[in-house]
């Protein structure tokens, strides 16, 4: 795949990375606005919970392309942010476009306590929103589904604290990817699917290990 193969309006995802390729931010959904040449493109300014996210010049980002041909990515450098009629971020490609595979994780049905609140970027000040408490429906190394008494807009980002067991909790930033009404009798809840966008590898390993231990318990009881 090459830059010229992209189509205007195509949906992309962008995440800030460091020189080693480590993600420093969630993946922000954006659209391709213009192709200047084979190395430079323009995307719209990312939004998170109705707030614009402006990248500094020379910021290194990973651009992810999700299409029928699969998932591809490349690294790019922020050249400028143009605030014209439609604010755009100008990116210069710095690496080859490669095909990648996103890991899939086993999803375990479980009921863990979750505290969550809207994610707020540090540049907008201290997040003083109170946490709300609920429980998971299922959990995996890549995300979770939880109950919510309120309907949460898709594409919102949430700050989550998941209590796996006594004295063991992990934190993650997640993107809301699905919202469905809970069809359980006499339930006024919503089922909210969340994809982890920013989680440490240590925290992810704790989740995977928790799931593995829970599976062992179920096997010993003859339930799986």
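FYI, it's all coordinate maths here, none of it is from the lab. Predicted model only: the values in this text are computed from it and were never measured. Because the Cβ atoms are built from the backbone with ideal geometry, glycine has one as well, and the counts that use them run over all protein chains shown.
Expressed as a whole percent, the proportion of Cα-Cα pairs in segment 3-100 lying more than 17 Å apart is 45%. State the dimensionless ratio Rg/Rh of the chain (Rg: radius of gyration of Cα atoms; Rh: Kirkwood radius). Rounded to two decimals, Rg/Rh equals 1.01.
From helices alone, the chain scores -3000 deg cm²/dmol at 222 nm; the rule is -39500 (n - 2.57) for each run of n ≥ 4 DSSP H residues, then divide by the residue total. Placing pseudo-labels 7 Å out from each Cα toward the beta carbon at residue 19 and residue 201 gives an inter-label distance of 1.9 nm.
Across 48, 199, 100, mean-square fluctuation computed from a Gaussian network of the chain (C-alpha pairs under 10 Å connected) peaks at 100.
Between the alpha-carbon centres of segment 16-45 and segment 182-216 there is a gap of 28 Å. Computed as a quarter of the hull surface, the mean projected area of the alpha carbon convex hull for segment 108-220 stands at 8.0 nm².
For the pair residue 11 and residue 150, what calculated FRET efficiency results from E = 1/(1 + (r/R0)^6), where r is the Cβ-Cβ distance and R0 = 25 Å, to the nearest 0.05? Spell out each step's value before the answer.
On the way: r = 27 Å, r/R0 = 1.07.
E between residue 150 and residue 11, to the nearest 0.05, is 0.40.
Pairs of alpha-carbon atoms within less than 8 angstrom and 6+ residues apart define the contacts here; what relative contact order does the chain have, in percent?
The normalised contact order for the chain reaches 14 percent.
Shape analysis of segment 62-141 based on the Cα gyration tensor places the equivalent ellipsoid semi-axes at 33, 25, 10 Å, largest first.
I need to check one value: relative contact order of segment 108-220, counting alpha carbon pairs closer than 8 Å and at least 6 residues apart, in percent. Present the calculation step by step, with values, prior to reporting the outcome.
Numbers: 223 pairs, mean separation 28.0, N = 113.
Computed over segment 108-220, the figure is 25 percent.
Note on segment 3-57: Kirkwood hydrodynamic radius from all Cα pairs is 12.3 Å, rounded to one decimal.
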